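Novice: Have a look at this one before I ask anything.
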Amino acid sequence: MKDLIWKDKELLVYLNNLGSETFDSFWFFITNQFYLTPVFLFIFYLLWKKIGWKELGFVILFIALIIMVCDQTTNLFKYSFERPRPVNDLDIKDNLRILVSRQSFSFFSGHASNSMASTLFLFLIFRKYYKYAFLLFLFPLIFAYSRIYLGLHFPSDIIAGFVFGGLIGTFFYFVYKKYNSESPEQKKSTLIITVFSVLVYFLMCNVLVSVLKQI
């Protein structure tokens, strides 16, 4: 295990040092979700053309639930493992190009889990309508790499985030698929149960994180 952790650190140092001042501003731009809003709006526009406003509203609701689950689980893992971010890791920080500092923990990446979960969920819907739906995966790949470039996450943080995000995205797609196959009354019941379950999970994670902070 120690060898794997050290290899993880070595890979991070190598990838991080591939950067240069010429590209720093680009990766700062990529890592900020706000700047990518036009891309998200275009994706929703393409989906709206195929499914209409009402169904798009439900898709956005499911994405919001996905992000809630990913965010809270990420926080729970971070305070459980308390792994320092690369920029704070005493073993390697002197060998990194440090562009930004964060005092929060590293494992696993919320950016990776959120982006993969939401992208996979959308891809599973998009593939029915668009031949090149797989291009959606450029977003989580580039987005997650920005975290390595900035020295904020180890490769293993990104991989774990992708795996977890993939599981959550798939799970919510099957819930969404079940929802779409039901009668109006069943749809209402499924939606209420899903939203209620996520809210309970949200509160539970917050309580556990609060307890972990006190330990």
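The numbers here are math on the coordinates, done by the rules we state, and not lab data. Everything quoted here is computed from the prediction, not taken from an experiment. Cβ coordinates were reconstructed from backbone atoms using ideal geometry, including for glycine residues, and neighbour counts include every protein chain displayed.
Novice: Peptides 103-110, 196-203: what's the order by average Cβ count within 10 Å, highest mean first?
Specialist: Ranking the peptides 103-110, 196-203 by packing returns 103-110, 196-203.
Novice: Give the angle, between 0 and 90 degrees and rounded to the nearest 10, that separates the Cα long axis of helix 110-126 from the longest principal axis of the Cα atoms of the chain.
Specialist: With both axes taken from Cα atoms, the answer is about 30 degrees.
Novice: Which is the longest stretch in the chain that no exposed loop site breaks, taking sites as trypsin sites (Lys or Arg not before Pro) with a DSSP loop state and at most 12 other Cβ atoms within 10 Å?
Specialist: Of all site-free stretches, the longest is 1-127.
Novice: Another question, then. May I ask you to list the residues of the stretch 140-168 whose amide nitrogen lies under 18 Å from a point 7 Å from Cα along the Cα→beta-carbon direction of residue 103?
Specialist: 152
Novice: While we're on this one: Net charge near residue 86, counting Lys/Arg +1 and Asp/Glu -1 over other residues with Cβ under 12 Å of its Cβ? It would help to have the intermediate numbers written out before the result.
Specialist: On the way: positive: 9, 83, 85, 93, 97, 102, 147; negative: 8, 10, 89, 91, 94, 157.
Neighbourhood net charge equals +1.
Novice: On to the next question. If each residue's Cβ is checked for other Cβ atoms within 10 Å, how do 111, 153 rank with the fewest at the top?
Specialist: Ascending number of Cβ neighbours within 10 Å: 111, 153.
Novice: For the stretch 2-214, calculate the relative contact order in percent as a whole number, restricting contacts to Cα pairs under 8 Å that are 6 or more residues apart.
Specialist: 28 percent
Novice: Assign one of three labels to the stretch 1-124, namely rounded, prolate or oblate, based on the Cα gyration tensor with a ≥ b ≥ c the square roots of its eigenvalues; rounded applies when a/c is under 1.5, prolate when it is not and a/b is larger than b/c, and oblate otherwise.
Specialist: Numbers: a/c = 2.85, a/b = 1.76, b/c = 1.62.
Prolate, since a/c reaches 1.5 and a/b exceeds b/c.
Novice: OK, next. If you average 1/r across every pair of different Cα atoms in the chain and take the reciprocal, what Kirkwood value do you get, in Å?
Specialist: On the way: mean 1/r = 0.0537 Å⁻¹.
Across the chain, the inverse of the average 1/r is 18.6 Å.
Novice: Where does helix 2-16 land angle-wise versus the long Cα axis of the chain, in degrees 0 to 90, nearest 10?
Specialist: 90 degrees
Novice: Next question, about the same structure. Evaluate E = 1/(1 + (r/R0)^6) for residue 10 and residue 36, where r is the Cβ-Cβ distance and R0 equals 30 Å; express this FRET efficiency to the nearest 0.05.
Specialist: Values: r = 30 Å, r/R0 = 1.02.
For R0 = 30 Å, the calculated efficiency reads 0.50.
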